[in-house]
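What follows is a set of notes on a single structure, which appears directly below.
The values are calculated or read from the model by the stated rules, or taken from the named source; none is laboratory data. This one's a predicted model, so the numbers in the text were calculated from it and none came from an experiment. No Cβ is skipped: glycine too gets one built from the backbone with ideal geometry, and neighbour counts run over all protein chains shown. Surface areas here come from the heavy atoms of the whole protein model, side chains and all, with no ligands, DNA or RNA. Shrake-Rupley method; radii C 1.70, N 1.55, O 1.52, S 1.80 Å.
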Amino acid sequence: MTISLDRETSQPTVTQLGGRIGARIDGVRLGPDLGEETVAAIRAALLQHKVIFFRGQNHLDDDGQIAFAEQLGTLTTAHPTVNTGSARVLSLAANKGMAANSWHTDVTFVDRVPAISVLRGVAIPAYGGTTNWANTVTAYESLPEPLKALVDGLWAVHTNDYDYAASAEEGDAVNYDKDNVFRRQEFTRIAFKTEHPVVRVHPETGERSLVLGHFVKNFVGLNTAESHALFQLLQNRVTKLENTIRWTWTEGDVAVWDNRATQHYAVADFDTQYREVRRITVAGDVPVSIDGRHSRVIEGDAGAFSSLDELIS
Ligand SMILES: O=C(O)CCC(=O)C(=O)O
Ligand SMILES: [Fe+2]
């Protein structure tokens, strides 16, 4: 489908795709200078639906994607530890079937967890390679009261040096370079460890959401076995199918998600076909717990994070 609407006169239309998460926006040609009204409409849809999709944005290149993302907030460095060859663009390319096929929220091992990720489908395989998102706000809201009481005061340690051996696959696609060489060493060359509340208050909506995903190492005060059991229990709530939306990509699609209210998972079922998606990340603030306490860095300070800007630009 090709969308050729006059940017000056058309209004974006928002079509809800799932009961708990996901909407498609039509009638917008993404790029710079969208105008206040359009940006406000996009932001409102994002906050409500948590992940929004734009079809047919084939005109976009990296610069256009960056220019669009800049209207949503201040951009972060492409990745805190992986040298992506670009200051802003994280390219996730694969032709050996690997993908970020483990449920996660982006970069939760630092204190300033990114607010928004903008992902563009650059090369999309003929089959497979869908991406799924889960709503971590509804996951919290639908918890029974005793579980809410349990998580409301709970904190978790997140690290980039998480237990890769414990996951069935080798984790995030950012662990691979363009020649498919696993580069965990690079991913973990600076160890980050941050304590986040398991329940954070969303800075824009005031909603409570669960902060979990595959960078969680353990819960504060619980041993490894207890942490593992509780993590599985809560993750099962987050990733329950009714709480998710699945997107089948075509080239030129753009997905934008609220990284403060979602987790995602790229399905590694495209065999040896080439797949490439490119991500721009909008900076976020330090999560705040229900009782007003901020996340705290245990290892790898914010200074190291920002100086990486120069390192990889
Ligand atoms: O490959 C995908 O569809 C998503 C990859 C991912 O986890 C990300 O872009 O943050
Ligand atoms: Fe991701």
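Based on this model, can you work out whether residue 200 counts as within 16 Å of ligand 1 (Cβ to nearest atom), among the charged types (D, E, K, R) and closer than 24 Å to residue 19 by Cα?
no
Tell me, which residue of the stretch 237-285 that is touching a Phe, Trp or Tyr at 6+ places or on another chain (Cβ under 7 Å) and within 14 Å of ligand 2 (Cβ to nearest atom) is nearest to residue 58 (Cα to Cα)?
Step by step, filter the stretch 237-285, then rank; the result is 255.
Step by step: first the residues of the stretch 259-282, then only those that are under 25 Å from residue 14 (Cβ atoms) and more than 13 Å from ligand 1 (Cβ to nearest atom), then the one that is least open to solvent (accessible area, probe 1.4 Å). Which residue is that?
Among those residues, the one meeting the criterion is 261.
Being of a type in the set (A, V, I, L, M, F, W, C) and not in a loop (DSSP other than H, G, I, E, B) is the filter; apply it to the stretch 138-151 and report the residue that is surrounded by the most Cβ atoms within 10 Å (Cβ to Cβ).
Within the stretch 138-151, the match that is surrounded by the most Cβ atoms within 10 Å (Cβ to Cβ) is 139.
Out of the stretch 89-112, which residues are within 12 Å of ligand 2 (Cβ to nearest atom) and out of contact with any Asp or Glu (no Cβ under 6 Å at 6 or more places or on another chain)?
90, 92, 99, 102, 103, 104, 105, 106, 107, 108
Only residues that are within 16 Å of ligand 2 (Cβ to nearest atom) and under 21 Å from residue 68 (Cα atoms): list them for the stretch 114-155, please.
Keep residues of the stretch 114-155 that are within 16 Å of ligand 2 (Cβ to nearest atom), which gives 114-122, 129-136.
Residues satisfying the conditions are 114, 115, 116, 117, 118, 119, 120, 121, 122.
So, restricting to strands (runs of 3 or more DSSP E) that lie completely within the stretch 192-243, which ones have at least 3 residues that are of a type outside the set (D, E, K, R) and closer than 16 Å to residue 151 by Cβ?
216-219
Restricted to the stretch 97-137, and to residues that are away from ligand 1 (no atom under 13 Å from the Cβ), touching a strand residue (DSSP E or B) at 6+ places or on another chain (Cβ under 8 Å) and in a loop (DSSP other than H, G, I, E, B), which residue is most open to solvent (accessible area, probe 1.4 Å)?
Per the stated criteria, the residue is 111.
Taking the stretch 232-250 as the region of interest, how many residues are farther than 13 Å from residue 141 by Cβ, of a type outside the set (Ser, Thr, Tyr) and open to solvent by less than 80 Å² (accessible area, probe 1.4 Å)?
Here the count works out to 7.
Enumerate the pairs (first residue in the stretch 90-107 and over 28 Å from residue 139 (Cα atoms); second residue anywhere and assigned to a strand (DSSP E or B) and within 9 Å of ligand 2 (Cβ to nearest atom)) with beta-carbon separation below 6 Å, excluding pairs fewer than 6 apart on the same chain, so at least 6 apart or on different chains.
90/279
Could we say that residue 68 is open to solvent by less than 10 Å² (accessible area, probe 1.4 Å) and more than 21 Å from residue 212 (Cβ to Cβ) here?
Yes: the conditions hold for residue 68.
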